[in-house]
Every structure is written in C-alpha cells, then in structure tokens.
Amino acid sequence: QVHLVESGGGLVQAGGSLRLSCAGSGRAFRMDTMGWFRQAAGREREFVAAIGWNSNLIEYADYVKGRFTISRDYAENMVYLQLNSLKPEDTAVYYCASARAGTWSNPDDYDYWGQGTQVTVSS
C-alpha cells in the first residue's frame with residue numbers, strides 16, 4: 001500500500017523558517033513527480049512546488065518563488081520543502097503528493113496524497 005507522510009509543520013513567527021519532510025513508502029517514487037500543495041481554511045488547494053524524476057526539473061508557484069526550496073532524496077524516498085521568509089499568508093495545511101504524469105500544478109493529476117502538516121505563521 002502506498003503511503004506519503006508529511007512532517008515538520010508548526011507555529012513560527014513571520015520571517016521564520018521551517019523544513020517540511022515527506023516520506024514515501026509502498027513503491028519506488030524515483031520516476032514520479034513529487035509535489036507540494038497547500039490549503040488554507042476556506043480556500044481551494046493550491047500548488048506550491050514540484051520536482052520531477054530528474055531533480056533539475058523544478059517548478060514553483062510565483063508566490064513562493066525565492067522563499068521556498070524543494071528537494072528530494074531518491075535513496076530514502078524523501079521529498080523536502082524548505083520554507084524561508086515565512087509570511088502570515090503562508091498559513092495552511094501543506095500536502096505532499098506524487099504523480100506519474102500530467103500537469104504539475106494541477107492537483108487532479110496527482111495519484112497519491114499525504115495527510116498534511118499544519119504550518120501556522122504568526123504576525
């Protein structure tokens with residue numbers, strides 16, 4: 001059975017940093033695109049970042065570009081999201097997801113999802 005488990009969320013002051021982790025199990029994710037999405041209360045789930053099977057292939061949403069960094073460890077089946085210069089508007093539940101094909105920014109194209117980890121940024 002395929003599982004994605006996020007960790008690393010928490011409460012941080014504006015300007016602070018967090019590092020989110022996503023551990024995959026149940027299959028080899030080496031050829032998958034791995035994405036991070038977030039969902040704030042009362043809002044739609046939105047794309048944050050994705051990294052392809054080739055880790056040189058990376059895409060970020062404009063609102064996190066320059067502040068967030070996605071990376072992956074193939075051997076450990078891990079994906080990371082480094083969050084720097086956090087803002088109150090970054091407050092959301094952050095989800096890790098995997099996809100074999102499709103548009104990276106489209107959540108409907110992802111096959112497996114984690115349960116999410118809460119990030120709260122205070123002003």
Legend entry - Residue list for the stretch 37-52, filter: in contact with a strand residue (DSSP E or B) (Cβ under 7 Å, 6 or more places away or on another chain), assigned to a loop (DSSP other than H, G, I, E, B) and over 18 Å from ALA75 (Cβ atoms): ALA40, ARG45
Inset, instruction - Taking SER85 as meeting all but one of (1) assigned to a loop (DSSP other than H, G, I, E, B); (2) closer than 19 Å to ALA23 by Cβ; (3) of a type in the set (Gly, Ala, Ser); (4) modelled with pLDDT of 95 or more, write down the number of the exception. - result: (2)
Inset, instruction - For GLN118, work out the one condition from (1) open to solvent by 70 Å² or more (accessible area, probe 1.4 Å); (2) modelled with pLDDT of 95 or more; (3) part of a loop (DSSP other than H, G, I, E, B) it doesn't fulfil. - result: (3)
Legend entry - Residue count for the stretch 44-56, restricted to those that are without any contact (Cβ under 8 Å) to a residue 12 or more places away in the chain and open to solvent by 70 Å² or more (accessible area, probe 1.4 Å): 2
Legend entry - Tally of residues being surrounded by 21 or more Cβ atoms within 10 Å (Cβ to Cβ) and under 18 Å from THR33 (Cβ atoms) across the stretch 73-97: 6
Legend entry - Residue count, the stretch 1-36 (criterion: of a type in the set (A, V, I, L, M, F, W, C) and part of a strand (DSSP E or B)): 10
Inset, instruction - Just name the residue that is modelled with the highest pLDDT out of those in the stretch 57-72 that are open to solvent by less than 40 Å² (accessible area, probe 1.4 Å) and among the charged types (D, E, K, R). - result: ARG67
Inset, instruction - Answer yes if at least one residue in the stretch 13-26 is surrounded by fewer than 13 Cβ atoms within 10 Å (Cβ to Cβ), aliphatic (A, V, I, L, M) and more than 13 Å from the chain's Cα centre (by Cα), and no otherwise. - result: no
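The values are calculated or read from the model by the stated rules, or taken from the named source; none is laboratory data. As the structure is a computational prediction, the values presented were derived from the model and not from experiment. All Cβ positions, glycine included, derive from the backbone under ideal geometry; neighbour counts span all protein chains shown. Heads up: the accessible areas ignore ligands, DNA and RNA and are worked out on the full protein's heavy atoms, side chains in. Shrake-Rupley method; radii C 1.70, N 1.55, O 1.52, S 1.80 Å.
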